[in-house]
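Read through the structure below, which is laid out as structure tokens, and then see the notes.
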Amino acid sequence: MQGAVKIIDQINNIVWGPPLLLLMIVVGVLLTFRLRGLQIRHLIYAHKLAFMREDKKAEGDLSHFQALMTALAATIGTGSIIGISTAVAIGGLGSLFWMWVAAFFGMATKYAEAILAIKYREIDSKNQMCGGPMYYLEKGLKAKWLGVIFAIFAIGASFGIGNTVQANSVASAVSETFSISPYISGIILVIACAIPLVGGIKSIGKVVGVLVPAMALFYFCICLGVVGVNIANVPEAFVMIFTTAFTGQAATGGFVGSTVMIAIQVGISRGVFSSEAGLGSSPIAAAAAKTDSPGRQALVSMSSVFITTGIVCTLTGLVIATSGVLGLRDASGVALDGSAMIIAAFNSAFPYGGLMVTLAIIPFAYSTILSWAYYGEKAIEYLLGIKWVMFYRVVFIPIIFIGAVSNLQAVWGFSNIMNGLMAFPNLIGLLFLSGVVARETILFEGLLKKERSMLKNSQKV
């Protein structure tokens, strides 16, 4: 088993090596310039669209808000909590700065993914929307083989990071906190997931539309609580984040130290992992949105990067930075990492901090399972047709139980590999379709200008 884990880790390091990270940055920078810094110019309007506008008469299965929540359900999860603590433990506090850099350019990438997903989406025999990288790679880039490759890896990722890993995170957290058997947690999870999954994307959209904002607000509040308790350490935390991003972080306590290159690599990879900008998964949800213009939903999708990385991941990083847990060791002398570090950070501020983290992880992981199930369904539908969707569900749902009761040391590495392999064909598509994105954006901004002009004229009257 250890030999297999070692091989998987080696493959994971190759897939998520400099070529992929460089390609992600190049695509993000290119799109930022071609769109003239759209992520800055339209950030406020993007959030207004997400939370205030609903195009009821437009084609689609979900409202802007539900499409955003479905995408956030897949991104705000263990990657935004445990993943960030792992990044800091490896790359130091400077990795947070490079995570922000990845997020800034990732907003342009996320916008491009969504605008292409809407432009090239199709309606299936059940009158439901189908879209995502597989469709814009086939119809836009005229490279169906790349679409097939993406769909295969998306299905693999749905069973890994979207299913077994999440189920195991819930079962482990519940077992450690409440001493409830993983078998019981697994059965409950299977039932809880099966009900909305059988109902399809509209049922999933309704569930995550309620669950995601509630759980995000809860986590936001408890993070602010920890930072508030340690408010005196906030200035020093920001100084450390910015200085160690360019100098590396020296070894302290149980922290082994980090170079600048490690901070850059870990920060960018974790930033991408948490927001999914460039991976190609979230545009599958964006394609289901009710919208009168591809650009409008693209802005909504773009806002998810700001929410996930700019807010949730940043708060997680500040909780760690201000509580002073980086470098601490547990009772056995092992340096704190992952969930142990996060729990220690919350326990330093609240008597039941660990319990609060557990209560946050459960709905995060549950909603992630629902969203990734939808991504997998659409990938299998693209490859084999809509009749195979029910077969996918029949396989996907029982595996939730297997994930809850199994040791998944190797699955984490497999999941990361699938995510990385998904990104390659998607990024190639974004690179060569950047001209289409730019032209669609010009048309969309012309529509916005016309709408605002008409609004001003009506107000004068």
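The values are calculated or read from the model by the stated rules, or taken from the named source; none is laboratory data. Treat the numbers as computed from the prediction; the structure is a model and nothing was measured. Backbone-built Cβ (ideal geometry, glycine too); neighbour counts: all protein chains shown. Surface areas here come from the heavy atoms of the whole protein model, side chains and all, with no ligands, DNA or RNA. Shrake-Rupley method; radii C 1.70, N 1.55, O 1.52, S 1.80 Å.
Determine whether the stretch 406-425 contains at least one residue that is touching a Gly at 6+ places or on another chain (Cβ under 6 Å) and over 30 Å from SER181 (Cβ atoms). Checked the stretch 406-425: at least one residue is touching a Gly at 6+ places or on another chain (Cβ under 6 Å) and over 30 Å from SER181 (Cβ atoms).
Condition check ((1) farther than 30 Å from ARG121 by Cα; (2) at pLDDT 90 or above) across all residues:
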{"site": "GLY353", "(1), (2)": "yes, no"}
{"site": "MET356", "(1), (2)": "yes, no"}
{"site": "TYR375", "(1), (2)": "no, yes"}
{"site": "ALA379", "(1), (2)": "no, yes"}
{"site": "LEU384", "(1), (2)": "no, yes"}
{"site": "VAL389", "(1), (2)": "no, yes"}
{"site": "PHE401", "(1), (2)": "yes, yes"}
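Let's see how each residue does on (1) among the hydrophobic types (A, V, I, L, M, F, W, C); (2) modelled with pLDDT of 75 or more:
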{"residue": "MET1", "(1), (2)": "yes, no"}
{"residue": "PRO18", "(1), (2)": "no, yes"}
{"residue": "LEU21", "(1), (2)": "yes, yes"}
{"residue": "LEU31", "(1), (2)": "yes, yes"}
{"residue": "ARG36", "(1), (2)": "no, yes"}
{"residue": "ILE40", "(1), (2)": "yes, yes"}
{"residue": "LEU62", "(1), (2)": "yes, no"}
{"residue": "THR78", "(1), (2)": "no, no"}
{"residue": "GLY91", "(1), (2)": "no, yes"}
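If you go through the stretch 413-452 and keep only what is within 18 Å of GLY376 (Cβ to Cβ) and open to solvent by 20 Å² or more (accessible area, probe 1.4 Å), you end up with PHE414, ASN416, MET418, LEU421.
Okay, residues lined up against (1) within 21 Å of GLY162 (Cα to Cα); (2) out of contact with any Phe, Trp or Tyr (no Cβ under 7 Å at 6 or more places or on another chain); (3) open to solvent by 10 Å² or more (accessible area, probe 1.4 Å):
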{"position": "GLN265", "(1), (2), (3)": "no, yes, yes"}
{"position": "ARG270", "(1), (2), (3)": "yes, yes, yes"}
{"position": "SER281", "(1), (2), (3)": "yes, no, no"}
{"position": "ASP292", "(1), (2), (3)": "no, yes, yes"}
{"position": "GLY295", "(1), (2), (3)": "no, no, no"}
{"position": "VAL300", "(1), (2), (3)": "no, yes, no"}
{"position": "SER304", "(1), (2), (3)": "yes, yes, no"}
{"position": "ILE307", "(1), (2), (3)": "yes, yes, yes"}
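As a summary of the residue check, SER125 satisfies the conditions (1) open to solvent by 10 Å² or more (accessible area, probe 1.4 Å); (2) farther than 24 Å from SER415 by Cβ; (3) modelled with pLDDT of 95 or more except for the one numbered (3). Among the residues making up the stretch 292-303, a single one is of a type in the set (Ser, Thr, Tyr) and either at pLDDT below 85 or on the phi > 0 side of the Ramachandran plot (or both): SER293. Within the stretch 434-454, the presence of a residue that is polar (S, T, N, Q), closer than 19 Å to SER269 by Cα, at pLDDT below 90 and assigned to a helix (DSSP H, G or I) is excluded. Within the stretch 116-146, the set of residues being closer than 18 Å to ALA423 by Cβ and in a helix (DSSP H, G or I) comprises LEU116, ALA117, PRO133, MET134, TYR135, TYR136, LEU137, GLU138, GLY140, TRP145, LEU146. Filtered by the rule that a residue be open to solvent by 10 Å² or more (accessible area, probe 1.4 Å), over 20 Å from the mean Cα position of the chain (by Cα), at negative phi and of a type outside the set (Ser, Thr, Tyr), the stretch 309-330 gives ALA321, LEU326, LEU328, ARG329, ASP330. Looking across the stretch 339-379, the residues that are β-branched (Val, Ile, Thr) and over 30 Å from PHE150 (Cβ atoms) come down to ILE342, ILE343, VAL357, THR358, ILE362.
Being assigned to a helix (DSSP H, G or I), open to solvent by less than 10 Å² (accessible area, probe 1.4 Å) and touching a residue at least 40 places away in the same chain (Cβ under 8 Å) is true of ALA360.
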